[in-house]
Amino acid sequence: MATGIDGGIALASGESKWITSDESRKDVHKLRAINEAVLTGTGTILKDNPSLTSRDTNLTDGEFLQPLRVVIDRSNHLTGKEKIFSSDANTLVFGTKDAKIKSENTELCVMSKESLGDLKSIMRYLAEEKSINTLMVESGSDIFDALLSEHLIDEFILYQAPKLLGQGRKTFSNFDQTNRKLSTIGFEIKAVTNLGQDKKIVLTPNYT
């Protein structure tokens, strides 16, 4: 997750590009290169239209494989024309039988709309059916909060830029603090490094 020092990931207008430095963005591409899959939701795709491929890593094509791009599309928002369906890598979409995606390098895993909200089942499918052992998540607050509430996050990597996004900003988490289960989740800091003007903070959740 990339944020300002006030936890913001986007302005109130929704503008969110280039919060962090070039060094941080290159580091994210390296993370993609060492993970087998990258997961996101339709909100991120419709807002930012990312390709979710690994680039600018100083690695040659023979040194790594592009991660499988995974997206959860509960409401059939995707058309197949988004950058995540480019020919640079393969894509797996979890969607319903009404999905209209047609792409040669894309596989559709059909599920009920209710099952698409069951993240444990999706994680199990990726592990058992696709042999995915390392999954990187690049998403907004909805998927982040859902994964954290189900104790499905092993490591949290925060890229923090010295910027204030200010009043009305969108944040990376929208936890309801009246939910006692969520409010008890803390983190242990494992590492802090400097990347340009940013800080890269590696944390592990403490699910107690």
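The table below gives the values:
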{"read-out": "Neighbour cut-off at most 14 other Cβ (10 Å), DSSP loop, trypsin sites (Lys or Arg not before Pro), segment 77-122", "value": "Lys81, Lys97, Lys100, Lys102, Lys113"}
{"read-out": "Per residue accessible area in Å² of the chain, where ligands, DNA and RNA are left out and the probe is 1.4 Å", "value": "56"}
{"read-out": "Fraction of antiparallel bridges per DSSP, the chain only, in percent to nearest 5", "value": "45"}
{"read-out": "Positive-end residue, the chain charge dipole about Cα centroid, Cβ charges, pick of Ile132, Leu31, Leu148", "value": "Leu148"}
{"read-out": "Inter-label distance, nm, simple model (7 Å from Cα along the C-beta direction), Leu31/Ile185", "value": "1.6"}
{"read-out": "FRET efficiency estimate (nearest 0.05) - Cβ-Cβ, Val192 to Lys120, R0 41 angstrom", "value": "0.85"}
{"read-out": "Surface share of carbon and sulfur [accessible, 1.4 angstrom probe, percent] for the chain", "value": "48"}
{"read-out": "Which listed pairs, of Lys30/Lys102; Lys83/Lys190; Lys47/Lys97; Lys97/Lys120; Lys30/Lys113; Lys47/Lys113, have C-alpha distances above 26 Å, in listed order", "value": "Lys30/Lys102; Lys83/Lys190; Lys30/Lys113"}
{"read-out": "Sorted largest first, extent of the chain alpha carbons per principal axis (Å)", "value": "45, 42, 34"}
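The values are calculated or read from the model by the stated rules, or taken from the named source; none is laboratory data. As the structure is a computational prediction, the values presented were derived from the model and not from experiment. Reconstructed Cβ throughout: ideal geometry from the backbone, glycine too, with neighbour counts over all protein chains shown. Quick note on the areas: whole protein, heavy atoms, side chains included, nothing else; ligands and nucleic acids left out. Shrake-Rupley method; radii C 1.70, N 1.55, O 1.52, S 1.80 Å.
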